[in-house]
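Notes follow the structure.
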């Protein structure tokens with residue numbers, strides 16, 4: 001709406017509105033030029049990554065729409081469209097922006113995520129250079145473009161300085177990544193059985209420069225040994241676990257193998273690689289400020305909740321949190337996933353939660369067909385083959401809550417929508433709903449997705 005007002009007011013000719021649209025398109029490019037990692041600016045601004053990604057998408061679409069309007073007006077006025085180098089670069093910029101829009105459509109991203117990552121940066125650079133050559137030097141649009149380029153250069157310099165500090169430490173080796181399969185090998189997507197690989201992996205990364213890990217943080221992982229275009233490009237993963245010892249800090253991530261980078265990890269299971277990490281990024285939620293914490297996860301979405309569970313255990317033992325009730329509802333698809341996650345369910349930190357009468361774990365294996373069972377010595381990890389009754393559980397917990405309550409979602413669309421609807425019917429000052437930055441793919445579409453977890457913004 002604001003852009004439309006600047007383009008149409010005060011009243012002018014179509015040619016003038018076309019020029020204004022071009023200028024506004026350049027102005028809208030400024031907040032998009034946030035350096036190599038949008039996560040860094042998001043962290044500095046103190047906003048969630050999901051909000052930042054949604055803003056980036058819509059501002060980008062607005063800039064492309066304004067550029068398209070500018071092109072239509074210029075093309076309509078044939079006298080103004082001359083065969084000069086400026087016009088040629090204008091065509092190149094418009095074509096690059098059009099390709100960015102097409103490749104940013106969600107179905108395209110899902111099927112060709114690696115291509116999207118690489119092409120998005122390349123096309124953005126081409127568009128920026130072409131616009132710079134297209135604009136006359138003394139126009140307002142050229143001045144705004146120079147501001148955006150300077151902003152990008154400064155942020156990029158800061159980012160790569162932090163990257164170098166994190167990965168290059170004098171006298172210490174580079175980060176190493178150990179890939180460990182957590183599930184049995186099976187064909188991925190349409191691959192033959194002879195090329196079966198594990199679909200769930202744990203990657204332990206020993207970092208050269210430790211930091212204080214906090215729940216909700218994520219890193220971008222690069223492993224050049226997996227290929228120039230696949231491994232060198234950073235891929236985001238939420239930190240699921242971390243340990244400190246005399247050798248330093250080791251962070252662990254859970255990876256669901258689909259395609260591209262994650263498939264290459266599966267093919268190289270039980271191997272050790274030199275790695276580079278970018279981060280950490282992310283703004284954590286304060287779960288310890290709530291008397292009751294309900295966590296709902298599906299599949300690999302448990303990785304988003306595990307760090308918060310660890311923090312709650314630590315805070316409970318030191319009397320630093322208000323939490324007195326924890327309920328984890330976790331739905332997985334089949335027995336293969338159950339075998340993979342069972343070691344995590346019986347870890348000492350889980351026992352600490354359950355033996356202190358603070359929590360309950362409900363594990364739903366929807367395709368197992370097995371009878372209900374209980375894990376551990378405390379009878380508080382219940383495994384069932386039925387789907388979770390999200391509405392009933394939330395009504396019960398919210399109705400008899402201890403203090404304020406927070407409901408955290410790291411689940412697929414179907415489960416998240418049910419939980420969101422139920423919480424909204426009980427929403428008041430003592431009830432809060434959060435959706436973590438990383439969301440797992442839906443079980444029905446997981447085979448077509450190229451990522452193990454995705455940044456998404458819903459609701």
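The values are calculated or read from the model by the stated rules, or taken from the named source; none is laboratory data. Quick caveat, the model's predicted, so the values are computed rather than measured. Counting neighbours? That spans all protein chains shown, and the Cβs are built from the backbone with ideal geometry, glycine included.
Of the residues that make up the range 197-204, is at least one part of a loop (DSSP other than H, G, I, E, B) and at pLDDT below 90? Taking every residue of the range 197-204 in turn, at least one turns out to be part of a loop (DSSP other than H, G, I, E, B) and at pLDDT below 90.
Could you tell me whether any residue of the range 241-250 is out of contact with any strand residue (DSSP E or B) (no Cβ under 9 Å at 6 or more places or on another chain), in a strand (DSSP E or B) and either surrounded by fewer than 20 Cβ atoms within 10 Å (Cβ to Cβ) or touching a residue at least 12 places away in the same chain (Cβ under 8 Å) (or both)? Spell out how you get there, then give the answer.
Kept after step one, since they are out of contact with any strand residue (DSSP E or B) (no Cβ under 9 Å at 6 or more places or on another chain), are these residues of the range 241-250: 245-246.
If we keep only those that are in a strand (DSSP E or B) too, we end up with 245.
Okay, now just the ones that are also either surrounded by fewer than 20 Cβ atoms within 10 Å (Cβ to Cβ) or touching a residue at least 12 places away in the same chain (Cβ under 8 Å) (or both), so 245.
Checked against the condition, which is being out of contact with any strand residue (DSSP E or B) (no Cβ under 9 Å at 6 or more places or on another chain), in a strand (DSSP E or B) and either surrounded by fewer than 20 Cβ atoms within 10 Å (Cβ to Cβ) or touching a residue at least 12 places away in the same chain (Cβ under 8 Å) (or both), the range 241-250 yields at least one hit.
Might you check whether a residue that is at pLDDT below 85 and assigned by TED's automatic domain parsing to the domain that holds residue 363 occurs anywhere in the range 293-300? Looking for residues that are at pLDDT below 85 and assigned by TED's automatic domain parsing to the domain that holds residue 363, one finds at least one in the range 293-300, hence yes. Just one of the listed residues (285, 305) is surrounded by fewer than 20 Cβ atoms within 10 Å (Cβ to Cβ) and modelled with pLDDT of 85 or more, namely 285.
Restricting attention to the range 93-108, which residues are without any contact (Cβ under 8 Å) to a residue 40 or more places away in the chain and buried (at least 17 other Cβ atoms within 10 Å of the Cβ)?
Going through the range 93-108, the residues without any contact (Cβ under 8 Å) to a residue 40 or more places away in the chain turn out to be 94-99, 102-103, 105-108.
Answer for the range 93-108, where residues must be without any contact (Cβ under 8 Å) to a residue 40 or more places away in the chain and buried (at least 17 other Cβ atoms within 10 Å of the Cβ): 94, 96, 97.
Can you say whether residue 274 is touching a strand residue (DSSP E or B) at 6+ places or on another chain (Cβ under 8 Å), farther than 23 Å from residue 47 by Cα and surrounded by fewer than 22 Cβ atoms within 10 Å (Cβ to Cβ), as far as the supplied structure shows? Spell out the reasoning first.
Numbers: touching a strand residue (DSSP E or B) at 6+ places or on another chain (Cβ under 8 Å): yes; farther than 23 Å from residue 47 by Cα: yes; surrounded by fewer than 22 Cβ atoms within 10 Å (Cβ to Cβ): yes.
When the stated conditions are applied, residue 274 passes them.
Among the residues of the range 413-459, those identified as over 20 Å from residue 364 (Cα atoms), under 18 Å from the mean Cα position of the chain (by Cα), assigned to a loop (DSSP other than H, G, I, E, B) and at pLDDT 80 or above are 436, 437.
If you check 131, 71, 126, which single one turns out to be free of Cβ contacts under 8 Å to residues at least 40 places away in the same chain, touching a helix residue (DSSP H, G or I) at 6+ places or on another chain (Cβ under 6 Å), more than 30 Å from residue 260 (Cβ to Cβ) and outside the structural domain of residue 260 (by TED's automatic domain parsing)? It is 71. Filtering 25, 12 for residues that are in contact with a helix residue (DSSP H, G or I) (Cβ under 8 Å, 6 or more places away or on another chain), over 30 Å from residue 214 (Cβ atoms) and outside any helix (DSSP H, G or I) leaves a single hit, 12. Residues being farther than 30 Å from residue 266 by Cα and either under 23 Å from the mean Cα position of the chain (by Cα) or modelled with pLDDT of 90 or more (or both) are represented in the range 160-172 by at least one member.
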